Amino acid sequence: MSGLPLPNDKLERFLNLLVADYEDEEAKKSPVINLIQDIMEIIIQDVMVDGHEILERAHQIDRKERFERINIYLTHNISWREKVIRLNLLLTVKESAINVPTYLDARCQITFFANSLFMKMPDAPRVRNMLSFSVLTPYYNEDVLYSDEEINKENEDGITTLFYLQKIYPDQWKNFEDRINDPNLGYQMRGMMYYREALELQYFLDFAEDKAIFGGYRIIDMNQTDYRTLKERAHALADLKFTYVVSCQIYGAKKKSSEQRDRSCYVNILNLMLTYPSLRVAYIDEWDETVNGKSAKVYYSYCITNHRYESR
């Protein structure tokens, strides 16, 4: 067992080399072959009993000629590359300090996830046998998304929101696209929509063939009729099993308002509906109508998607 760190180190270097970007792919062929040969020597000498004799009987090939015909271009395949990266992560038992988040909440979330891997969980039922469920997010007048103008606008002290976030969360700044937004409505929507993605993935695993599963869900060939039909069914079933409703009480008023902030909220919510077709927005709208010969305000409740009114 004392010799295990050596093959682990060799294998880790081998995997890093496979995913490394070279201008000339042929240039990394020689170090790849050398690493494979080194790994084989360690296995033959330290793991196998009479390894050299077995290898010589099976293959009458000189060591220098072994693995000369390997195809290093397989790593250009997205599916192969994902597997190499995954194996590399599994073998990486020690993280350098630079890779450990300094943000306390991030470390807590990683610890919670790692502990959850050891939980005893019952087998998940098929998606079509699951109970349908809905998620409701109340919303009144909070920020939906921050515009460039808003995050660069200076307050009375001459400090912008962007500058404040950069100084308060310096370790998160590298992940700007994912982490710059405060917990606003758009941020919450993205998180809730992971439920839908999970249902689609589970349906795919329930009915896809082994070849499609091993190939990867995100890179299946949509030009093939069977896979396209499977993905369409996954979308349809996810719509039946999961509903996400945001109750934007004054959405109708924002739609009619001429104020810049209200118009910005309205446009942002509309863009979120375009981004997430299954999202529903519920709100109350008011109309001036004539009732018994008198003008009166009449209130209607709406539930809309990005393309039509569902109810009124």
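The values are calculated or read from the model by the stated rules, or taken from the named source; none is laboratory data. Quick caveat: nothing in here was measured; it's all calculated off a predicted structure. Because the Cβ atoms are built from the backbone with ideal geometry, glycine has one as well, and the counts that use them run over all protein chains shown.
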Would you point out the residue of the range 129-151, among those that are modelled with pLDDT under 85 and part of a helix (DSSP H, G or I), that is surrounded by the most Cβ atoms within 10 Å (Cβ to Cβ)?
ILE151
For the range 82-96, which positions are at pLDDT below 75 and farther than 10 Å from GLU12 by Cα?
VAL93, LYS94, GLU95, SER96
